[in-house]
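Worksheet: one structure, shown below.
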Amino acid sequence: MPPARKPAARERQLVVFSLHGEEYGLPIGSVPEIIRYTAPSAGASASGLIRGMINLRGRVVPVVDLSSRLGRTLEVTGKTKILIVDVGRGAAALIVDAVEGILEIPAEQIEPLPAAMAEHGLGQEIAAVGERLIMILDPQQALGSVLPRRPASRGRRRAPD
């Protein structure tokens, strides 16, 4: 059996998904898992970007809805999925309309976004693949702000014996 083909150094592998008729991509290394949609718990602070939390095998993960950031309303269908996205110091669950698959995109098909479009805070690049335009999300930029902050230690220090 031939060895698995490695992408060329100039190619980028993306998990491509759709949201409100637009296509987006995340680096494959930042998406360890794709799961069926499960309704998040309605946390007291769930509003806007954060829809609540899910329990992912004992791990509490905030559920993010980028629809609100795009000025749209989330519509859950039978194709709706959740991407588990590693973001620096934790993970976030991103609700998407559908997962289109994994795509290898040559570097020459990736361009910087115009400054006005990059201001939305989701990423800095876009890929032109045939007739398709795929906005490449930067996981830290798009989702880093939703991760919980580590609480400061509340315990008192014991005096030395």
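Numbers for the structure displayed
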quantity	calculated
Flag if residue 103 is crowded, with 18+ Cβ neighbours inside 10 Å, under 19 Å from residue 145 (Cβ atoms) and either in contact with a Lys or Arg (Cβ under 6 Å, 6 or more places away or on another chain) or in contact (Cβ under 8 Å) with a residue 60 or more places away in the chain (or both)	no
The lone exception for residue 94 - which of (1) under 27 Å from residue 55 (Cα atoms); (2) surrounded by fewer than 20 Cβ atoms within 10 Å (Cβ to Cβ); (3) not small (Gly, Ala, Ser) it fails	(2)
Any pair with Cβ under 7 angstrom, 6 or more apart, that starts in segment 45-69 at a residue that is more than 22 Å from residue 20 (Cα to Cα) and ends at one that is at pLDDT 90 or above and in a loop (DSSP other than H, G, I, E, B)	53/40; 54/38; 54/40
Residues located in segment 19-45, provided they are assigned to a strand (DSSP E or B) and either crowded, with 16+ Cβ neighbours inside 10 Å or at pLDDT 95 or above (or both)	19, 23, 24, 25, 26, 27, 33, 34, 35, 36
Of all residues making up segment 72-90, the number that are surrounded by 11 or more Cβ atoms within 10 Å (Cβ to Cβ) and out of contact with any strand residue (DSSP E or B) (no Cβ under 9 Å at 6 or more places or on another chain)	3
Residue within segment 71-94 that is assigned to a loop (DSSP other than H, G, I, E, B), within 14 Å of residue 147 (Cα to Cα), of a type in the set (Lys, Arg) and within 16 Å of the chain's Cα centre (by Cα) present	yes
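The values are calculated or read from the model by the stated rules, or taken from the named source; none is laboratory data. All values derive from a computational prediction rather than experimental measurement. Counting neighbours? That spans all protein chains shown, and the Cβs are built from the backbone with ideal geometry, glycine included.
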